[in-house]
1. Of all the accessible heavy-atom surface of the chain, with the other protein chains kept in place and a 1.4 Å probe, what percent is carbon and sulfur?
2. Check which residues have an amide H placed less than 5 Å from Ala117's amide H, if you skip close sequence neighbours.
3. Please get the size of the charge dipole for region 107-243, origin at its Cα centre, with Cβ charges of +1 on Lys and Arg and -1 on Asp and Glu, quoted in debye to the nearest 20.
4. With the other protein chains left in place, how much accessible area per residue, in square angstrom, belongs to region 1-118 at a 1.4 angstrom probe?
5. Fully extended, how many nm does the chain gain between Val106 and Glu10 (0.36 nm per residue separation, minus their Cα-Cα distance)?
6. Grab the Cα-Cα distance for Arg36 and Ala182, subtract it from 0.36 nm times how many residues apart they are, and report the gain in nm with one decimal.
7. Among Val216, Val15, Val77, which one moves the most in a GNM of the chain with springs linking Cα atoms closer than 10 Å?
8. Testing the spin-label approximation: label points 7 Å from Cα along Cα→Cβ at Trp222 and Arg162. State their distance in nm.
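The values are calculated or read from the model by the stated rules, or taken from the named source; none is laboratory data. Here the structure is a predicted model, which is why all the values come from computation and not from measurement. Here Cβ is always computed from backbone atoms with ideal geometry, including for glycine, and neighbour counts include all displayed protein chains. These accessible areas exclude ligands, DNA and RNA; they are computed on the full protein's heavy atoms, side chains included. Shrake-Rupley method; radii C 1.70, N 1.55, O 1.52, S 1.80 Å.
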Amino acid sequence: MPVRPRQMLEEGPIVEPLFVEHYRRFARWPSKAGARWMAAKMRALGVRPGGRVLDIGCGPGWVVRFLAGHFPAMRFVGVDASPVMLAVARRGLREDGLDGRVSFVVADGQCLPFHDATFDAVISGATLHHINDPVALLNEVDRVLTRDGHIIISDLNRALPRVLWPMVVAADWFERLCRPAAVRRLPEGFINSYRAAYTPEEIRAFLKRSPLGRRVCYYPRWLQHWIQTLPTTLYGKAEKPSE
């Protein structure tokens, strides 16, 4: 079945304070589940126990805060393009007593302000569809990652089966219903995020154009897909990009 053309997100970094506070509250429990999923992968891949981990597109910081609980010896850096979102994230650090182990930096994932080979792992969840030049982001991940570092990048899949689309519509409706009335019509949401996401064919093409493609496998799934280092039987069949 044909997949609709990609529709770019136009909202830019999320800076509306009312929406940021809503997103912080709404994202907590999904982020906790996502952090468990990410932690299981990090253990399976053997990320160095005392290593440094970068989260690209960290939003309000829930995932790195939860991961810091899973991995007490690791240090985490979250980057996001929204200074308002990161102000909320830093407030959470003080609440959790994580000031020394987790930090946040305002930055664009396509131009990271870090030296080469700085991080032992790079993670990212539901961020790639916000990026209009994914190859630039993948190249930056390859640059800041150590030679034996690990990658886990997941995102939505625009090519999801049509039978699942009502679930996306229902999730979008419910999330908007939970918003303050003043920001209910802002374009951010599940529907527009799926419309801006990339298809498996597009992801494969991006990986072929980036040196990162030589060190990762690709896992296509209906609702989401992900890229990670090293094939593993724990998560089913993977695709190795052709070189």
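1. Within the chain, the accessible surface is 58 percent carbon and sulfur.
2. The answer is Val144, Leu145.
3. My answer is approximately 460 debye.
4. So region 1-118 comes to 51 Å² accessible per residue, rounded to a whole number.
5. Result for the pair: 32.6 nm of gain on full extension.
6. 49.2 nm
7. Looking only at Val216, Val15, Val77, the largest GNM fluctuation is found for Val15.
8. 1.5 nm
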